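Peer 1: Pasting a structure here, questions to come.
The values are calculated or read from the model by the stated rules, or taken from the named source; none is laboratory data. Since the structure is predicted, the reported quantities are computational estimates derived from the model, not experimental observations. Heads up: the accessible areas ignore ligands, DNA and RNA and are worked out on the full protein's heavy atoms, side chains in. Shrake-Rupley method; radii C 1.70, N 1.55, O 1.52, S 1.80 Å.
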Amino acid sequence: MDPVRLTQYARGGGCACKIPAGELEEIVAGLYGASPPGADVVVGLDDGDDAGAVRIRGGQAVLSTSDFFTPVVDDPYDWGRIAAANAVSDIYAMGGEPIMAINLVAWPRELISTDHLREVLRGGLDVATEAGCPVLGGHSIDAPEPIYGMAVTGTADPDRMMRNDAAEAGLPISLTKPLGVGVLNNRHKATGERSEEAIASMAALNRDAARAALAAGVRAATDVTGFGLLGHLYKMARASGVAARIDATAVPYVAGAREALAAGHVPGGSKRNLDWVRPHLSADGISEDELILLADAQTSGGLLVVGEVPGAPVVGETVAAGSLPDGALVQVT
């Protein structure tokens with residue numbers, strides 16, 4: 001294949017190209033219609049959880065989610081792996097297991113060879129196969145920007161499902177992957193410099209972490225993607241009626257993330273995340289750079305778990321709502 005820098009064909013990259021959280025909430029406000037007769041909805045639109053869930057005959061819950069984005073790295077095979085891991089992550093974040101996926105593709109056929117698309121699809125297939133999830137077709141269009149992702153269906157026990165509205169006060173908060181891939185991906189787009197550690201982190205499945213959390217009796221979790229740790233934690237605290245405190249010194253980062261930040265490689269999505277959370281944030285004495293990293297728009301990040309997961313660092317704790325300064329829902333210390 002001819003060498004192509006896929007990231008140069010997209011305005012954004014990865015989950016950093018999401019519509020801003022506050023803007024998205026305004027768009028979907030009022031669209032929560034009543035469920036059709038006979039539908040047994042377990043998790044719907046109300047709190048912006050990672051996947052929708054309905055109970056079917058026999059009591060099992062079926063989970064459904066979709067996730068796609070523009071190139072986050074230049075290598076097409078790696079982009080496919082990352083996009084697939086990111087899409088399947090929503091199922092794991094709910095405590096489910098994926099059972100099938102379909103591809104979602106937009107491709108500028110006149111600009112980029114379809115040989116590159118084949119490599120993207122091969123990467124997605126390899127990660128889905130690792131997850132034990134067959135890929136059964138999909139849908140594609142000719143479009144100005146390359147886009148790839150998956151719609152994934154999974155199953156879960158509705159009585160053990162992990163949700164973003166089930167956090168209770170007085171519990172530790174664990175993070176199962178390091179932060180910082182947003183700024184490193186931004187550096188990659190600007191300079192072409194690869195971070196092998198970032199790529200390995202993004203392509204890694206959250207399967208083992210999810211299973212360990214379920215085994216530990218965890219009831220509340222979400223995955224850290226485009227809205228950053230602070231954004232996803234704020235959503236969880238708001239949905240659960242609790243507050244949360246993060247110890248900035250306990251949060252792990254991919255090697256090189258701070259250097260990429262210092263060089264100015266900050267995704268616009270990370271700045272928007274911080275602006276969205278700031279009215280609900282207490283962070284006296286914490287530098288703006290530290291807050292940007294905590295709000296960094298992640299792609300295929302780890303699980304943010306209310307509880308302890310073996311091998312994952314504890315980065316904070318949940319506390320009672322109203323116990324933080326100025327009524328904040330999230331505090332960084």
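Peer 1: Accessible area per residue of the chain at 1.4 Å probe, in Å²? Display every interim value, and only then the final one.
Peer 2: Values: 13850 Å² over 333 residues.
Spelled out: the 1.4 Å probe surface of the chain, per residue, equals 42 Å².
Peer 1: Under a 1.4 angstrom probe, counting protein chains only, how are 100, 161 ranked by accessible area, largest first? Working shown, then result.
Peer 2: Numbers: 100 65, 161 0 Å².
Greatest to least solvent exposure: 100, 161.
Peer 1: Before anything else, pin down the relative contact order of the chain: Cα pairs under 8 Å, at least 6 apart, normalised by residue count, whole percent. Please list the in-between numbers first.
Peer 2: Details: 806 pairs, mean separation 77.6, N = 333.
23 percent.
Peer 1: With a ≥ b ≥ c the root eigenvalues of the C-alpha gyration tensor of the stretch 162-243, is it rounded (a/c under 1.5), prolate (a/b larger than b/c) or oblate?
Peer 2: Oblate, because a/c is 1.5 or more while a/b does not exceed b/c.
Peer 1: For the chain, what is the mean residue ellipticity at 222 nm derived from helices alone (per DSSP H run of n ≥ 4: -39500 (n - 2.57); sum divided by total residues; nearest 500 deg cm²/dmol)? Don't jump to the answer; show the numbers that get you there.
Peer 2: Values: 10 runs with 107 residues, N = 333.
Taken over the chain, the calculation gives -9500 deg cm²/dmol.
Peer 1: Taking the DSSP beta bridges in the chain as the whole, what percent of them are antiparallel, to the nearest 5?
Peer 2: Numbers: 39 of 52 bridges.
Taking every DSSP beta bridge within the chain, about 75 percent pair in antiparallel fashion.
Peer 1: Computed from the coordinates I sent, percent of Cα pairs over 29 Å apart equals one of (1) 34; (2) 43; (3) 31. Tell me the label.
Peer 2: Structure-derived value, by its label: (1).
Peer 1: Separate question: Using a 1.4 angstrom probe on the protein heavy atoms only, line up 42, 88 by accessible area, largest first.
Peer 2: 42, 88
Peer 1: Assign one of three labels to the stretch 101-163, namely rounded, prolate or oblate, based on the Cα gyration tensor with a ≥ b ≥ c the square roots of its eigenvalues; rounded applies when a/c is under 1.5, prolate when it is not and a/b is larger than b/c, and oblate otherwise. Mind dumping the intermediate values first?
Peer 2: Values: a/c = 3.45, a/b = 2.23, b/c = 1.55.
It is prolate, given that a/c is not under 1.5 and a/b is the larger ratio.
Peer 1: Next up: Let me know the shape class of the stretch 56-195, please: from the alpha-carbon gyration tensor, a ≥ b ≥ c as square roots of the eigenvalues, rounded when a/c is under 1.5, otherwise prolate if a/b is greater than b/c, or oblate. Each step should come with its number before you reach the end.
Peer 2: On the way: a/c = 2.64, a/b = 1.42, b/c = 1.86.
The shape class here is oblate.
Peer 1: Could you pull out every residue, at least 5 positions away or on a different chain, whose amide H is within less than 5 Å of the one on residue 99? Hs are placed 1.01 Å off N in the peptide plane, and Pro or chain starts have none.
Peer 2: Counting only residues 5 or more places away or on other chains, the set is 153, 154, 155.
Peer 1: Using a 1.4 Å probe on the protein chains only, how many percent of the accessible area of the stretch 104-150 belongs to carbon and sulfur?
Peer 2: Details: 1330 of 2410 Å².
Carbon-and-sulfur percentage of accessible area, whole number: 55.
Peer 1: Right, next: What does DSSP give for the stretch 87-184 in terms of the percent of beta bridges that are antiparallel, rounded to the nearest 5? Show your work: numbers first, answer last.
Peer 2: Numbers: 9 of 15 bridges.
Beta bridges within the stretch 87-184, antiparallel portion: roughly 60 percent.
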